[in-house]
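Worksheet: one structure, shown below.
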2 protein chains.
Amino acid sequence: MNVMNDSPRRKELTRLAAQLFVQEGFDRTTVRMLAQEMGIKSGSLFHHFRDKQEILAAVIEEGTENALGLARAALDQCDRNPEARLHAMARAHLETLLTDRNAHVVALYEWRRLDPEARSHLSHLRDAYEALWEEVIDEALAVGLIQGDRFLVSRFVMGALNWTVRWYDPLGERSPEDLARELIAMITRPA
Amino acid sequence: MNVMNDSPRRKELTRLAAQLFVQEGFDRTTVRMLAQEMGIKSGSLFHHFRDKQEILAAVIEEGTENALGLARAALDQCDRNPEARLHAMARAHLETLLTDRNAHVVALYEWRRLDPEARSHLSHLRDAYEALWEEVIDEALAVGLIQGDRFLVSRFVMGALNWTVRWYDPLGERSPEDLARELIAMITRPA
DNA sequence: CGTTTACACTAGCGCTTGCTTGGTTGACCC
DNA sequence: GGGTCAACCAAGCAAGCGCTAGTGTAAACG
């Protein structure tokens, strides 16, 4: 119960936990199931994490930080015009479903199981991510690429995107590129 | 353990269960909590429902049937043109959040907790609802009101709509009418 | 060399869970 | 006015839960 750092071992355990949380749900995943999946006994688990809650927080933190990093990188590398920026954000979002799908599903479905302190810490991360979106949506609104209420448009877009975890198959025919293009086409007016 | 009908008492218990499932989540809602909320003892609960799973199924069934009925009624009463039909569907969807919000939240968040047989029964209901949507979206595509891939467009729209349960406040300023208009405006091309 | 550190183990405590059992109550029915 | 039946209760069982305490061990350190 001494460690709170981010050792490589802990990272790996977090990845395994994410998978189980998706399969079974947080509440139905017991510490014994987690331990077995990790190849250790249940007692040993509490050497790496203070309690079960902390495992959940670690999973969500990991996923959100990756998504945020990827989105920032995508914005840095793309053209400066609003349409390219919208496209880059959508593509980055869908690409994280390839690498961090489990963590994202957990973040969406098990958010309410976080205790208050973990939630407030993580909501800052999530707000930062959504702020990126609102920024590029604002730019698109400013030049008339999109029309409508700022608040509503961003909610609708976040909804369409977050919903993709329920049906998108990263191994299927459609690439993140395709989906991003289609989504942007749907919500933008022809120039 | 004798009853499986839909007595008025059972309807009321189902409504209360929906509320608790939203507050606490299905797994964290104990049969004792349910019983207390209903003003009976935990043992008596199993006179009305075979087991805890059946309560969950009842909640989701009730909500989905209502949504389906409301959507059909809305389609019957509106104009025959594609835009009016899209609008009617969106408005009906948002209006169910006024009357059946709890059941809808449960259906979205706790779907995976259903056992296989309940799931297959309820997925028919849900498919019927989504089929209504795909129908009106097809009509809109046919006349060029919307453009894009049939499959992707309907997923994006379902996502934007289902996501509303996370942020929409039915008691706030915006009416279902407003939201529906804004959503349709976002995805349709000017004629 | 002795000490510390990281990681794992065994064993189990105290509590809660979904559900069962066996029985009581009061309204209705012929 | 005996029978039926939905509705409820008290009591508790077997299983499983998160987590703790105390110990072992092998590598790393000064």
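For the reader, a short list of remarks on this structure follows.
- Scanning the stretch A:12-62 for residues that are within 9 Å of DNA strand D (Cβ to nearest atom) and of a type in the set (A, V, I, L, M, F, W, C) turns up A:F26, A:V31, A:M33, A:L34, A:A35, A:L45, A:F46, A:F49, A:I55.
- Residues being within 14 Å of chain A (Cβ to nearest Cβ) and buried (at least 16 other Cβ atoms within 10 Å of the Cβ) - total across the stretch B:28-41: 1
- The one condition in (1) at pLDDT 95 or above; (2) over 22 Å from A:V143 (Cα atoms) that A:H47 fails to fulfil: (1)
- Cβ-Cβ under 7 Å pairs, at least 6 apart or on other chains, the stretch A:115-132 side among the small types (G, A, S), far side crowded, with 16+ Cβ neighbours inside 10 Å: A:A118/A:A57; A:A128/A:L68
- For the stretch B:45-59, a residue qualifies if it is in a helix (DSSP H, G or I) and within 7 Å of DNA strand C (Cβ to nearest atom), and the qualifying residues are B:F46, B:K52, B:Q53.
- Residue pairs whose Cβ atoms lie under 7 Å apart, sitting 6 or more positions apart in sequence or on different chains, and linking a residue in the stretch B:43-57 that is within 14 Å of chain A (Cβ to nearest Cβ) to a partner that is within 6 Å of DNA strand C (Cβ to nearest atom) and in a helix (DSSP H, G or I), are B:K52/B:V31.
- In the stretch A:162-191, the residues that are within 7 Å of chain B (Cβ to nearest Cβ) form Cβ pairs under 9 Å with partners that are basic (K, R) and surrounded by fewer than 18 Cβ atoms within 10 Å (Cβ to Cβ), at six or more places apart or across chains, as follows: A:N162/B:R166; A:E182/A:R174.
- Which numbered condition B:A107 fails, given (1) more than 25 Å from A:F156 (Cβ to Cβ); (2) within 14 Å of another protein chain (Cβ to nearest Cβ); (3) at pLDDT 95 or above: (1)
The values are calculated or read from the model by the stated rules, or taken from the named source; none is laboratory data. As the structure is a computational prediction, the values presented were derived from the model and not from experiment. All Cβ positions, glycine included, derive from the backbone under ideal geometry; neighbour counts span all protein chains shown.
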